[in-house]
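Asks: This is the structure I want to talk about, given as structure tokens.
The values are calculated or read from the model by the stated rules, or taken from the named source; none is laboratory data. This structure is a prediction, so every number in the text was calculated from the model and none was measured. Positions of Cβ are generated from backbone atoms using ideal geometry, with glycine treated the same way; all protein chains shown enter the neighbour counts.
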Amino acid sequence: MALEVMAKAAAPIPLELAFRVEPGELLALVGHSGSGKTTLLRTLAGLWRPEVARVQVNGSTWLDTAGGVDLPPHQRRVGVVFQNYALFPHMTAAQNVASAMDHSSRSARAVEAERLLELVNLHGLGGRRPAQLSGGEQQRVAVARALARRPQALLLDEPFSAVDSSTRERLYAEIIALRAHLSMPVVLVTHDMNEAQLLADRMVVIEAGKMVAEGPTGTVMSDPGALRAMGIREAAATVPATIESHDSEGMTRLITSGGPLWLPRVEGVPGSRVRVRIMAHEVILARVRPEGLSAQNILPVRIIDLQAGVGPAVMVRLAFGDDTILARITHRAVRTLALQPGDEIHAVLKSMSVARDHVIAGAPAQVVQ
Amino acid sequence: MDWTALGLSLRLAGWTVVILLPVAVFSGRFLAYRTFSGKGLVEALVMLPLVLPPTVFGFYLLLAFGANSPLGQFWTSTFGHQLVFSFQGLVVASVIFNLPFAIQPAQRGFEAVPVDVREAAACCGMSPLRSLWRVELPLAWPGLMTAMVLTFAHTLGEFGIVLMVGGSIPGETKTIAIAIYDSVQGFDNEAAGTMSAVLVAISFFTIALTYWLSARVGRRLG
């Protein structure tokens, strides 16, 4: 059930790219606003037709401008979560979900709608209209409605942009949990690199309609060339961790493959798994283990490689237990410390440098190579 | 009190609404969703009956429906009687001069349906016809309701065009508005007063009904 896409257009936005999403894989299409990522999503849904394009899902062709095939949206088995959800205001949550199931009988629809609402943690709210639901609840209804059609591809258009940040963190965790139930390719359009890194298996970076980078999330997020479009300051790595304990001062001690990690309070009971996004520019490197430092995390690491980009900085990939973290330091620092691949050194990370929304509950996303 | 005239007026208004409802839905929807060159011209043409003096409009309709016009000849040869000075002629004239009252509010109604909601309907697997029935009509309903009420009330009150195209044939083309005029001409102020009061009551009732219904819809969507 892979999704294969190729699109070329000159207007309204120049577009030229091709990619493939495997079943069960979550691909993030990232780019600034106006880069063409939403236009591309609309192409997949059948809401927009570029001059030259081909969209194939599971071997069946939805769009092929060369072959004269262009199925309208209602004939494509697609699930779409719109940026502002686009719920039907005159229907209840359950009716919204059931409205995408015209293929089945009335009683089957009601049962399935109830099951889907439960899946998105909206049990008992099926009778409410969208106006009576919070932003986060509306987003969950939109997700349930998109799944109701048993889509062959699930498309998410900036689905977290219309809610406040604490709701967003909860919805991230829910999407990660929901993925265990999804077997179709999922495409997430976002301009938020944190969101893309925490949720996606693979990333496609779009700049002015062109694909400037493509690959597994960890690889793209450590590649200075790939990150140029989104800003090199977004470079970061994710590290899986397990909550060990919370202390009385509001700190949480996590266990990672490379050792303990102290962070400001992370929600979750001891034993639950999380992923932590560590920004490359927040990591300091030291030859010898520093003493008398306020930073709470001094991590033993080994240099994997050093990659120079344009400008004064070098990206250093570091082995931290079984995981990889990144440090972005200056050429000057590399020279003074005489850093070489294979060197055993120390990485320093302030607890406070890890933002609240850079920690996400849930097991690591599956990695499809 | 001329009950025949009142009945005729209600029948005329009813037929006009029944015929204009699908016209309003499809033209209003088309004008709301599409942009094309000459759209402004089409919209101006639809609005024309609103600004023309009824006598001018009635005069042109009279020419268009007359025994010498192609439409008049076709009508006479098909149905065996003239289109002018007949109830059917009144209905056709009424449909035409009510176009702005029906299409304009319907167009506003469909314009109020957000684009992404329409797109979501398609992405939920609804065909265009199903989307119209399940999503667009319920959301455009206040506009359509206004269109129908305005058409109904306006038909009851129309005078000039009815007189030009229909004359004043009792039971055929003599509507309540014309009956009131005839009563006043005949110094029967009592009959004119009763009929005017009935017309005021009916008009007030229909308008009040629309406000009540749209307030209900507003609460539902609020």
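Asks: Would you be able to say whether some residue in the stretch B:87-106 is surrounded by 14 or more Cβ atoms within 10 Å (Cβ to Cβ) and under 20 Å from A:F88 (Cα atoms)? Don't jump to the end; show me each part of the working.
Replies: Step one: of the stretch B:87-106, the residues surrounded by 14 or more Cβ atoms within 10 Å (Cβ to Cβ) are B:87-106.
Applying the additional criterion that residues be under 20 Å from A:F88 (Cα atoms) yields B:106.
Yes, there is a match, as at least one residue in the stretch B:87-106 is surrounded by 14 or more Cβ atoms within 10 Å (Cβ to Cβ) and under 20 Å from A:F88 (Cα atoms).
Asks: Within the bounds of the stretch B:33-47, is there any residue that is crowded, with 16+ Cβ neighbours inside 10 Å, more than 18 Å from the chain's Cα centre (by Cα) and hydrophobic (A, V, I, L, M, F, W, C)?
Replies: Step one: list which residues in the stretch B:33-47 are crowded, with 16+ Cβ neighbours inside 10 Å, which gives B:46.
Restricting the remaining residues to those that are more than 18 Å from the chain's Cα centre (by Cα) gives none.
So far as the stretch B:33-47 goes, no, none of its residues is crowded, with 16+ Cβ neighbours inside 10 Å, more than 18 Å from the chain's Cα centre (by Cα) and hydrophobic (A, V, I, L, M, F, W, C).
Asks: Okay, next question. Need pairs with beta-carbon distance below 7 Å; first residue within 16 Å of A:L349 (Cα to Cα) and within the stretch A:244-257, second polar (S, T, N, Q); sequence gap 6+ or separate chains.
Replies: Here the result reads A:M251/A:S351; A:R253/A:S245; A:L254/A:T242; A:I255/A:T242, each pair linking the stretch A:244-257 to a residue that is polar (S, T, N, Q).
Asks: When residues of the stretch A:283-296 are filtered for being closer than 30 Å to A:R170 by Cα and at pLDDT below 95, how many remain?
Replies: Of all residues in the stretch A:283-296, those closer than 30 Å to A:R170 by Cα come to A:283, A:295-296.
Checking which are at pLDDT below 95 leaves us with A:295-296.
The qualifying residues number 2.
Asks: Still on this structure, I have one more. Within the stretch A:178-218, how many residues are touching a helix residue (DSSP H, G or I) at 6+ places or on another chain (Cβ under 8 Å) and without any contact (Cβ under 8 Å) to a residue 40 or more places away in the chain?
Replies: 3
Asks: Does A:E22 count as of a type outside the set (A, V, I, L, M, F, W, C), more than 27 Å from B:S127 (Cβ to Cβ) and in contact (Cβ under 8 Å) with a residue 12 or more places away in the chain?
Replies: Values: of a type outside the set (A, V, I, L, M, F, W, C): yes; more than 27 Å from B:S127 (Cβ to Cβ): yes; in contact (Cβ under 8 Å) with a residue 12 or more places away in the chain: yes.
So A:E22 fits the description; yes.
Asks: Quick check on my filter: what residues within the stretch A:120-146 are closer than 22 Å to A:E158 by Cβ and away from chain B (no Cβ under 14 Å)? Step through it out loud before you land on a result.
Replies: To start, the set of residues in the stretch A:120-146 that are closer than 22 Å to A:E158 by Cβ comprises A:120-122, A:130-131, A:133-146.
If the condition is that a residue be closer than 22 Å to A:E158 by Cβ and away from chain B (no Cβ under 14 Å), then A:V120, A:N121, A:L122, A:S134, A:G135, A:G136, A:E137, A:R140 are the ones that fit.
Asks: Sticking with this one: State all residues of the stretch A:8-46 that are in a loop (DSSP other than H, G, I, E, B) and either surrounded by fewer than 20 Cβ atoms within 10 Å (Cβ to Cβ) or not assigned by TED's automatic domain parsing to the domain that holds A:E195 (or both); if no residue qualifies, say none.
Replies: As a first pass, look at the stretch A:8-46 and keep what is in a loop (DSSP other than H, G, I, E, B): A:10-14, A:22-25, A:31-36, A:46.
Across the stretch A:8-46, the qualifying residues are A:A10, A:A11, A:P12, A:I13, A:P14, A:E22, A:P23, A:G24, A:H32, A:S33, A:G34.
Asks: Among the residues of the stretch B:79-132, count how many are assigned to a helix (DSSP H, G or I), within 12 Å of chain A (Cβ to nearest Cβ) and either more than 26 Å from the chain's Cα centre (by Cα) or not hydrophobic (A, V, I, L, M, F, W, C) (or both).
Replies: The total comes to 12.
Asks: Pairs under 9 Å by beta carbon, first residue closer than 13 Å to B:F30 by Cα in the stretch B:124-136, partner among the aromatic types (F, W, Y), six or more apart or different chains?
Replies: B:E136/B:F110
Asks: Can you pull out the strands (runs of 3 or more DSSP E) entirely within the stretch A:50-94 that have at least 1 residues that are more than 8 Å from chain B (Cβ to nearest Cβ) and surrounded by fewer than 23 Cβ atoms within 10 Å (Cβ to Cβ)?
Replies: Details: elements: A:52-57, A:60-64, A:78-81.
By residue number, A:52-57, A:60-64.
To keep it simple, each residue is scored yes or no on (1) touching a His at 6+ places or on another chain (Cβ under 8 Å); (2) free of Cβ contacts under 8 Å to residues at least 12 places away in the same chain; (3) under 24 Å from B:S131 (Cβ atoms).
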position	(1), (2), (3)
B:S27	no, no, yes
B:F30	no, yes, yes
B:G40	no, yes, no
B:P49	no, no, no
B:P54	no, no, no
B:G58	no, no, no
B:F65	no, no, no
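Asks: Taking A:I206, is it aliphatic (A, V, I, L, M), in contact with a Gly (Cβ under 8 Å, 6 or more places away or on another chain) and in the same structural domain as A:I329 (by TED's automatic domain parsing)? Let's see the steps before the verdict.
Replies: Working: aliphatic (A, V, I, L, M): yes; in contact with a Gly (Cβ under 8 Å, 6 or more places away or on another chain): yes; in the same structural domain as A:I329 (by TED's automatic domain parsing): no.
Taking the combined requirement at face value, the residue does not satisfy it.
Asks: Oh, and also: When residues of the stretch A:96-116 are filtered for being more than 25 Å from A:E158 (Cβ to Cβ) and either surrounded by fewer than 20 Cβ atoms within 10 Å (Cβ to Cβ) or out of contact with any Gly (no Cβ under 9 Å at 6 or more places or on another chain) (or both), how many remain?
Replies: Counting residues in the stretch A:96-116 that are more than 25 Å from A:E158 (Cβ to Cβ) and either surrounded by fewer than 20 Cβ atoms within 10 Å (Cβ to Cβ) or out of contact with any Gly (no Cβ under 9 Å at 6 or more places or on another chain) (or both) gives 14.
Asks: Given the conditions (1) within 30 Å of A:H358 (Cβ to Cβ); (2) in contact (Cβ under 8 Å) with a residue 40 or more places away in the chain, report the number of the one that A:D164 does not fulfil.
Replies: So A:D164 meets the others, but not (2).
Asks: So, restricting to strands (runs of 3 or more DSSP E) that lie completely within the stretch A:264-349, which ones have at least 2 residues that are among the polar types (S, T, N, Q)?
Replies: Working: elements: A:273-279, A:284-286, A:297-308, A:313-320, A:323-330, A:344-349.
Qualifying strands (runs of 3 or more DSSP E): A:297-308, A:323-330.
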